[in-house]
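Coordinate-derived values only; no laboratory data. Note that the coordinates shown come from a computational prediction; the quantities given were computed from them, not determined experimentally. Here the Cβ is made from the backbone with ideal geometry for all residues, glycine too, and neighbour counts use every protein chain on show.
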C-alpha cells in the first residue's frame with residue numbers, strides 16, 4: 001500500500017525490524033542458548049577486552065533504543081489500524097454526502113454501507129463548528145463548562161453513543177451491520193443536521209426550521225432507516241431498530257436547534273413587541289438571590 | 001606539544017593488555033583545533049547568542065508565513081517556539097471577555113490552548129492517515145506558525161473595539177478576521193499539501209479550514 005510509505009522518522013523502525021528479524025533467526029534454531037550466553041558475556045567482559053565489552057555496550061544501547069522504538073512502533077501501529085478507514089478520494093466523499101439525503105429504492109437485499117471514517121469525522125467536526133457559531137450568536141452561557149467542550153461533548157457523544165446503541169440493538173435483533181458501518185451511517189446522517197442548523201442559526205424563523213426538519217431531517221432518516229431495513233429480517237426487529245434510529249436522529253436535531261435558539265427567540269420577540277417585554281435571562285438561577293442575603297450584602 | 005594536544009590518550013600506550021586482544025591503532029580525537037574551538041563555543045557561548053539565534057530562526061519562519069510560497073524552510077528546521085508564543089499571545093489577548101466575572105463571554109486561557117493544540121493534533125493525525133509523508137512535529141510547527149495572521153487580526157480587532165463598538169466596527173472586524181483567516185489557510189496549505197498524495201489535497205485542506213474558522217470565529221465574537 002502506498003499509504004504505508006511514511007518515511008518520516010522511520011529510521012529506528014527499520015532498525016527495529018532488522019534487529020527483530022535477526023533476533024528471530026537467532027532465537028528460532030537455538031532457543032536454549034540465550035540464558036547461557038549472558039553470564040558468559042559478563043564474565044568475559046570483566047576479564048578483559050575481548051571485543052565483548054564493546055559489543056555489550058552496543059547491545060545495551062541497542063536494547064534501550066529498541067525499547068523506545070517498540071513503543072513508538074506501537075504508536076504507529078495504532079495509527080495503521082485506522083489507516084484503511086481513511087482511504088478515500090474527495091469524489092467519493094462528495095458522492096456519499098449527497099447520497100446520505102437520497103433514500104435507497106431497493107430493500108430486498110442488503111444495501112452497501114461505506115465503511116470509512118473520514119466523512120463522518122469531518123461531519124462531526126463541522127457540526128461542532130456550526131454549534132459553536134450558533135452558541136456564540138445566541139450568547140449562550142454555559143456555567144461549569146466551556147462552549148467548546150459542550151459542543152464537542154454533545155456531537156461526539158451523540159455520534160459514538162448512538163452508534164453504539166444502534167449496533168447493540170442490531171446485534172440483538174440479528175441485523176447484518178458492523179460497528180464501523182453503524183458509525184459511518186450515523187455519521188453521514190449528520191450531514192442533514194449540518195445543513196439544517198447552518199441555515200436556521202442564521203435565518204431565524206420557526207416555520208423554516210420545522211419545514212427543514214421534516215424535509216432534510218426526514219430524508220436522511222429515511223435513508224438510514226431503509227438501509228437498516230434492507231439488512232434486517234422480521235417486522236418487529238425492523239420496527240425496533242428503525243424506530244430507535246429515527247427517534248434519536250430527529251430528536252437530536254430538535255434538541256440542537258432549541259437548546260441554543262431560545263435566547264435569540266427572546267431577543268427577537270423583544271424587538272418585535274417593543275420594550276415592554278423582558279428578554280429572557282439565559283440562566284435565571286444566577287440572579288435568584290434570596291432577599292435576606294441581598295439585604296445583608298447591600299447593608 | 002602539538003602531538004600531545006592532538007593525542008590525549010597517548011599516555012596510555014604503555015598499559016599492558018593481554019595478547020589475544022584485537023585492539024589496534026590509536027584512539028585519537030579526530031578533530032582539528034579550529035573545530036574543537038567551534039564545539040566549545042556552542043557550549044560556552046553567551047546565552048544572548050543562543051537566544052538571538054533562536055529568535056532569528058523564529059523570525060525567519062514568521063517571514064515565510066507572511067509571504068507564503070512553496071518552500072521547505074518551515075518543514076526543514078521545525079521548532080515549536082513560534083506556535084507557543086502565538087498561542088500564549090492569543091490566549092492572553094482573549095482574556096477579559098464581556099459580562100460578569102465568572103462569565104464565559106471570553107474563552108478561558110486553557111480553552112484556547114486546548115483548541116489550538118488538540119486541533120493541530122487532530123489535523124496532523126488526519127493528514128498522516130490520509131497518506132501524508134510529513135512528520136508529526138513538522139505539521140504542528142506549520143499549523144502553529146500559520147496562526148500568526150489570526151493573532152495579528154486579534155490585535156487589530158482589540159484596537160478597533162477600543163475605539164468603537166458599533167456595526168461599522170463589526171464590519172471592519174469581520175473584514176480583517178476574514179482576510180486573515182483566508183491568509184492562514186492559504187499559508188498552511190502552501191506548506192502542507194506538498195507532502196500529500198496529489199488527489200487528496202482537498203481532504204487535508206478541509207480540516208485546516210475548519211480549524212482556522214473556529215479560531216477566527218472566537219476572535220470575531222470576542223468583546224471586552
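Label points 7 Å out from Cα along the Cβ direction at residue A:63 and residue B:223: separation in nm?
6.6
Kindly state, to the nearest 0.05, the FRET efficiency for residue B:20 paired with residue B:122, given R0 = 60 Å and r defined as their beta-carbon distance.
Efficiency for this residue pair is about 0.50.
Determine the relative contact order of region A:90-274: mean sequence separation of Cα pairs under 8 Å and six or more apart, normalised by residue count, in whole percent.
34
Just report the Cα centroid separation between region B:172-224 and region A:161-229, whole Å.
Taking the Cα centre of each part, region B:172-224 and region A:161-229 sit 28 Å apart.
What ranking do A:257, A:206, A:193 get, fewest neighbouring Cβ atoms within 10 angstrom at the top?
Ordered by Cβ neighbours within 10 Å, fewest first: A:206, A:257, A:193.
Express in nm, to one decimal, how much length is gained between residue A:109 and residue A:78 on full extension, taking 0.36 nm for each residue of separation and deducting their alpha carbon distance.
That works out to 7.7 nm of additional length.
Fully extended, how many nm does the chain gain between residue B:174 and residue B:156 (0.36 nm per residue separation, minus their Cα-Cα distance)?
So the chain would gain 5.4 nm between residue B:174 and residue B:156.
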